[in-house]
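Trainee: Sharing a structure, written as structure tokens. Questions coming.
The values are calculated or read from the model by the stated rules, or taken from the named source; none is laboratory data. Computed from a predicted structure; not experimentally measured. Virtual Cβ from ideal backbone geometry, glycine too; neighbours counted across all protein chains shown. Protein only, heavy atoms only, side chains kept; ligands, DNA and RNA dropped before computing areas. Shrake-Rupley method; radii C 1.70, N 1.55, O 1.52, S 1.80 Å.
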Amino acid sequence: MYRNRTCGELRIADVNKEVTLSGWVHKIRKMGGMTFIDLRDRYGVTQLSFNQEVNHDLCEQANKLAREYVIQVTGKVAERSSKNQNIPTGDVEIAATAITVLNAAQTPPFTIETETDGGDDLRMKYRYLDLRRNIVRKNLELRHKIAFETRKYLDERNFLEVETPVLIGSTPEGARDFIVPSRMNQGEFYALPQSPQLFKQLLMVSGFDRYFQIVKCFRDEDLRADRQPEFTQIDCEMSFVGQEDILNMFEGLTKHLFKTQKGIDLSDFPRMSYADAMKYYGSDKPDIRFDMKFVELKDLTQGRDFAVFDSSEYVGAICAQGCAVYTRKQLDELTDFVKRPQIGAKGLIYVRYNEDGTLKSSVDKFFSEDDLKLWAERCNAKPGDLLLVLSGETEKAQKQLSELRLEMGARLGLRDKNNYKCLWVVDFPLLEKDEELNRFFAKHHPFTSPKPEDISLLDSAPEVVRANAYDLVINGVEVGGGSIRIHDSALQKKIFSVLGFTEERAQEQFGFLMNAFKYGAPPHGGIAFGLDRLVSLFAGLDSIRDCIAFPKNNSGRDMMIDAPSKIEQEQLDELGIALNLKEIK
Ligand code: ASP
């Protein structure tokens with residue numbers, strides 16, 4: 001028997017009990033004739049005490065231990081003379097009577113502590129040590145609970161978890177695929193799924209009615225803080241449903257998770273059309289923890305010889321409450337912020353609506369105080385407020401203004417991590433035009449159903465056709481997205497043709513789906529949540545990496561196992577891949 005208790009469970013009521021614990025030496029302190037060891041396991045930390053006078057040899061043995069040794073200890077639970085209020089076991093200690101070293105340990109490259117770590121590179125290289133840290137392990141415990149509660153919620157509502165294949169075929173739409181060569185079919189390749197989209201639709205054709213899967217997906221995209229090449233989705237599909245049914249079911253799931261994990265009762269989620277999201281927030285994932293909506297000023301700014309505005313398609317402002325007192329330096333900072341290459345604005349125009357009612361702007365040469373007054377009125381500004389104005393080509397300027405809005409929200413403390421605001425963004429456009437290639441792409445994916453009332457516009461004005469597609473946004477993060485699908489093979493064929501697929505190519509790529517639709521496909525739709533994003537939101541993390549046990553770094557590398565890695569020429573030969581390794585080296 002290695003242990004009969006864990007390091008997290010002993011309390012004052014256990015005093016005088018004889019116990020055996022096993023764990024890692026977290027810390028050793030010597031004080032006079034006493035040695036104290038904090039023993040750690042997944043459940044907590046318990047103090048062990050060794051008294052020179054009571055048992056000299058044992059105390060000497062304890063003195064020889066070092067951080068991260070794995071030991072077993074037996075002793076009696078005793079009340080501590082100086083209690084530690086910060087940990088649940090802080091009232092007691094174990095007066096040790098025996099220790100066994102189960103395994104020695106080298107000094108770790110960084111100490112296992114909550115607050116400090118060894119920097120990102122070391123943490124990733126020694127992730128197994130990093131995971132010993134409370135703060136990191138807690139995120140994985142939360143992840144487990146969220147996955148578990150999700151399964152429970154969906155199981156109770158008749159969803160079946162079905163596994164779908166990981167080795168599938170490559171599809172040209174969406175992100176880049178990860179490709180896997182096939183030894184038995186040389187010259188041919190599998191792809192790893194970007195999502196189980198087609199399979200879940202086929203399961204609906206099979207009559208499974210309600211499907212879900214907590215599933216790894218793979219996308220070979222450039223990485224960011226909220227992206228990993230492999231990530232996990234809570235992937236769901238339902239039959240005989242419309243958009244409203246899906247939104248209700250998964251609003252329910254989200255509420256259930258907030259209730260069980262955070263004790264928060266969320267009220268019903270507001271809905272916003274994609275068009276409004278763009279118009280008022282310049283983003284399809286607006287952070288609605290704060291207002292600061294965009295106000296269009298184009299018409300009020302024309303004909304004053306200010307060429308920048310006169311030549312702009314869009315002039316828009318946000319009103320930052322109470323910021324008229326911003327100093328020159330603060331305003332310069334904001335100007336630098338919008339001019340950063342990632343944002344790309346040429347400049348920033350401001351209007352101070354001073355407390356005394358006067359208005360001062362950075363474009364006083366062109367605009368009278370009366371002009372500025374009209375701007376301020378339209379923005380609902382009050383004395384003390386600051387207007388920030390950007391202009392340019394509509395889409396670009398709105399995007400820039402969106403970044404500025406988020407920055408102002410952060411500066412004003414309006415983006416509290418513990419304040420959760422959920423939002424459904426609905427009525428996405430069906431298509432997105434790639435101006436360079438002069439062709440349309442599916443905004444969501446090619447199986448998304450257009451709104452029935454917009455189908456007639458598919459030929460005449462494809463860009464305005466709206467889809468039965470929706471996203472769940474929490475605090476400005478896209479947590480999930482889905483759509484009602486096309487279940488009619490003729491309409492699916494039509495969409496492929498709008499997307500520029502020849503009939504042969506559509507048949508080649510998606511023939512199995514279109515054929516399946518010929519055998520009685522029910523109306524269906526679904527959604528997928530990004531589990532990593534959801535967990536990091538719940539945990540208040542800035543990056544999804546810390547809720548993934550073994551994540552990749554920004555160049556897609558696993559620093560610990562050093563992947564991806566080169567393979568032997570023989571392996572390549574076996575796969576029929578003619579690659580000259582010497583040239584690559
Ligand atoms: N498969 C979609 C995605 O990964 C989600 C869905 O439409 O259900 O974004």
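Trainee: Provide a single number: the residues in the stretch 436-451 that are surrounded by fewer than 19 Cβ atoms within 10 Å (Cβ to Cβ) and modelled with pLDDT of 95 or more.
Mentor: 1
Trainee: Looking at the stretch 345-375, which of its residues are closer than 30 Å to Y274 by Cα and in contact (Cβ under 8 Å) with a residue 40 or more places away in the chain?
Mentor: Selection gives A345, K346, L348, I349, L374, W375.
Trainee: Starting from the stretch 188-217, keep only residues that are small (G, A, S), then list their pairs with residues that are more than 9 Å from the ligand (Cβ to nearest atom) and in a loop (DSSP other than H, G, I, E, B) whose Cβ atoms are within a distance under 7 Å, requiring at least 6 positions of separation or different chains.
Mentor: Short answer, once both residue conditions are applied: A191/G169; A191/S170; A191/D177; A191/F178.
Trainee: Still on this structure: Taking only pairs six or more apart or across chains, which ones have beta-carbon atoms under 7 Å, a first residue in the stretch 245-273 that is over 17 Å from D287 (Cα atoms), and a second residue that is among the basic types (K, R)?
Mentor: Between residues of the stretch 245-273 that are over 17 Å from D287 (Cα atoms) and residues that are among the basic types (K, R), the close pairs are Q261/K145; D265/K259.
Trainee: Scan the stretch 227-238 and report the pairs whose first residue is in a strand (DSSP E or B) and whose second residue is polar (S, T, N, Q) and more than 7 Å from the ligand (Cβ to nearest atom), with Cβ atoms within less than 7 Å and a gap of 6+ or a chain change.
Mentor: Listed pairs, sorted by first residue: I234/T150; D235/Q213; E237/Q201.
Trainee: Here is a further query. In the stretch 188-208, what residues are open to solvent by less than 60 Å² (accessible area, probe 1.4 Å) and farther than 20 Å from T448 by Cβ?
Mentor: A191, L192, G207
Trainee: What are the residues in the stretch 322-351 that are farther than 20 Å from A381 by Cα and among the polar types (S, T, N, Q), if any?
Mentor: Those that are farther than 20 Å from A381 by Cα and among the polar types (S, T, N, Q): T335, Q342.
Trainee: With the requirement that a residue be charged (D, E, K, R) and either within 16 Å of the ligand (Cβ to nearest atom) or under 25 Å from Q233 (Cα atoms) (or both), what does the stretch 467-509 give you?
Mentor: Once the filter is applied, which keeps residues that are charged (D, E, K, R) and either within 16 Å of the ligand (Cβ to nearest atom) or under 25 Å from Q233 (Cα atoms) (or both), the stretch 467-509 yields D471, E478, R485.
Trainee: Turning to a different aspect of this structure: Within the bounds of the stretch 558-567, is there any residue that is at positive phi, part of a loop (DSSP other than H, G, I, E, B) and touching a residue at least 60 places away in the same chain (Cβ under 8 Å)?
Mentor: Within the stretch 558-567, none of the residues are at positive phi, part of a loop (DSSP other than H, G, I, E, B) and touching a residue at least 60 places away in the same chain (Cβ under 8 Å).
Trainee: Please tell me if I264 is away from the ligand (no atom under 16 Å from the Cβ), open to solvent by 40 Å² or more (accessible area, probe 1.4 Å) and not in a helix (DSSP H, G or I).
Mentor: yes
Trainee: Can you work out which of the residues in the stretch 213-238 that are within 11 Å of the ligand (Cβ to nearest atom), charged (D, E, K, R) and within 26 Å of Y153 (Cα to Cα) is nearest to the chain's Cα centre (by Cα)?
Mentor: Of everything passing the filter in the stretch 213-238, D235 is nearest to the chain's Cα centre (by Cα).
Trainee: Related question: Hey, any hits in the stretch 456-465 for a residue that's farther than 27 Å from I544 by Cβ, within 16 Å of the ligand (Cβ to nearest atom) and not basic (K, R)?
Mentor: No, there is no match, as no residue in the stretch 456-465 is farther than 27 Å from I544 by Cβ, within 16 Å of the ligand (Cβ to nearest atom) and not basic (K, R).
Trainee: Out of all the residues in the stretch 188-212, which are outside any loop (DSSP other than H, G, I, E, B) and away from the ligand (no atom under 11 Å from the Cβ)?
Mentor: Listed by number, the residues that qualify are F189, Y190, A191, L202, L203, M204, V205, R210.
Trainee: Tally the residues that are aliphatic (A, V, I, L, M), open to solvent by 60 Å² or more (accessible area, probe 1.4 Å) and modelled with pLDDT under 95, restricting the search to the stretch 123-163.
Mentor: So the answer is 1.
Trainee: Kindly indicate whether G282 is crowded, with 19+ Cβ neighbours inside 10 Å and under 21 Å from the mean Cα position of the chain (by Cα).
Mentor: Yes; evaluated as a whole, the condition is true for this residue.
Trainee: Taking the condition of being within 19 Å of P523 (Cβ to Cβ), touching a residue at least 24 places away in the same chain (Cβ under 8 Å) and open to solvent by 60 Å² or more (accessible area, probe 1.4 Å), how many residues in the stretch 456-493 meet it?
Mentor: Going through the stretch 456-493 one residue at a time, the tally reaches 3.
Trainee: Right, something else. From the residues in the stretch 167-177 that are within 15 Å of the ligand (Cβ to nearest atom) and part of a loop (DSSP other than H, G, I, E, B), which one is most open to solvent (accessible area, probe 1.4 Å)?
Mentor: Ranking the candidates gives R176 first.
Trainee: Of the numbered conditions (1) assigned to a helix (DSSP H, G or I); (2) away from the ligand (no atom under 16 Å from the Cβ); (3) under 19 Å from T232 (Cβ atoms); (4) modelled with pLDDT of 95 or more, R533 satisfies every one except a single condition; which is it?
Mentor: So R533 meets the others, but not (2).
Trainee: Among the residues of the stretch 23-46, is there at least one that is polar (S, T, N, Q) and at positive phi?
Mentor: No, the stretch 23-46 contains no residue that is polar (S, T, N, Q) and at positive phi.
Trainee: May I pose another question? Being away from the ligand (no atom under 14 Å from the Cβ), open to solvent by less than 10 Å² (accessible area, probe 1.4 Å) and under 29 Å from T232 (Cα atoms) is the requirement here; does F512 meet it?
Mentor: No: the conditions fail for F512.
Trainee: Would you mind listing the strands (runs of 3 or more DSSP E) fully within the stretch 2-63 where at least 2 residues are crowded, with 17+ Cβ neighbours inside 10 Å and acidic (D, E)?
Mentor: 34-41
Trainee: Suppose the filter is open to solvent by less than 20 Å² (accessible area, probe 1.4 Å) and within 13 Å of the ligand (Cβ to nearest atom); does T254 pass it?
Mentor: no
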